Amino acid sequence: MKPAGAVGDSQYIEVDVAATQLLQSSSEHIAISGFANGHPFTSSGAFGTNAPNGGIGIALGRIDTASHPSRPVDPSDSKVEFAIERFAWNDIYGSDILHCVSFDKAALNGVWKLRIGIYVSCVGTTCSASASLEDPVTFVQFGAVSSSGITLANPNTARRPRYAVTNFAAEPFNYSATFWVRSESYNSY
C-alpha cells in the first residue's frame, strides 16, 4: 500500500516465464502489472470487479490489433509483441498499449525460459515505465520498451503485482505459462 503522505513511489518486478508454446502458437498473451489493485479474476477464472485493476506493466505475445492499433502490423502472424500496457480500471477491454516492439517467433526456438524486468515509477498519478525481455541463459535481449506521462488508472493506494495469461481467443487448447518470481520490490517517498 502507498503510505499516506507519500509523494511518489516505485515498483520493480523481475520474473522468469516459461511460455514458448503460448508465444509461438496462440493468439493469447501474458500480462504482468505493477501498481495493480489486486487479482482481476474470480475463483471461476472470470474477470471480477475492477478488472483488470488499473496497474501499469507489460503485455507479451499476440496483442490484438483491433483493440490496440498502435501495435506493429503482423499480417503473417510471425511476430511476438512486447509492450508497455496501461491496464484499465473496471474494464476488461479498456487497456492501452503505449510502446510496442516485436521480434520473430523463430527467435524463441530452443528458448524455454524468458526473463522480464519491469520498473514503474509514479509521482502522484503520473507515471513512467520501462521493461526488458531477455533469454536468462544466453542474455540475448529480445526487446526493451518504455513510456512516460502515463496516468495511473488504479484509484486506490494498493500497489500489488499481478501475473496473468489472457484467454480471449476461442482456441481448442488453453495455453499456459509458468512464472518464477525472482524479485518484487516497492519503495515510496
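Just so it is clear, none of the values below were taken in a lab; they were calculated from the coordinates. Source: prediction; values computed, not measured. Positions of Cβ are generated from backbone atoms using ideal geometry, with glycine treated the same way; all protein chains shown enter the neighbour counts.
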Please identify the cysteines of the chain that lack any partner cysteine with a Cβ under 4.7 Å from their own Cβ. CYS100
How many nm is it between the label spots at THR65 and THR126, if each spot is 7 Å from the Cα in line with the beta carbon? 3.5 nm
Students often forget the sequence filter, so: which lysines lie under 19 Å Cα-Cα from LYS113 once same-chain residues fewer than 8 apart are removed? LYS79, LYS105
If you average over every viewing direction, what projected area does the convex hull of the Cα atoms of the range 43-82 give, in nm²? 4.1 nm²
How much space per residue, in cubic angstrom, does the convex hull of the C-alpha atoms of the chain take up? 111 Å³
Label-zone membership for the range 57-99, site ALA169, 7 angstrom Cα→C-beta point, backbone N under 13 Å: 61-66, 74-81
Before rounding to the nearest 500, sum -39500 (n - 2.57) across all DSSP H runs of length at least 4 in the chain and divide by the residue total; then give [θ] at 222 nm in deg cm²/dmol. -500 deg cm²/dmol
Contact order normalised by residue count of the range 8-182, Cα under 8 Å, 6+ apart, percent: 33 percent
Relative to the present Cα-Cα distance, how much length would full extension add between VAL181 and ASN90 at 0.36 nm per residue of separation? 30.1 nm
List the residues, sorted by chain then number, that are 5 or more residues from ASN53 or on another chain and whose placed amide H is less than 5 Å from its amide H. ASN90, ASP91
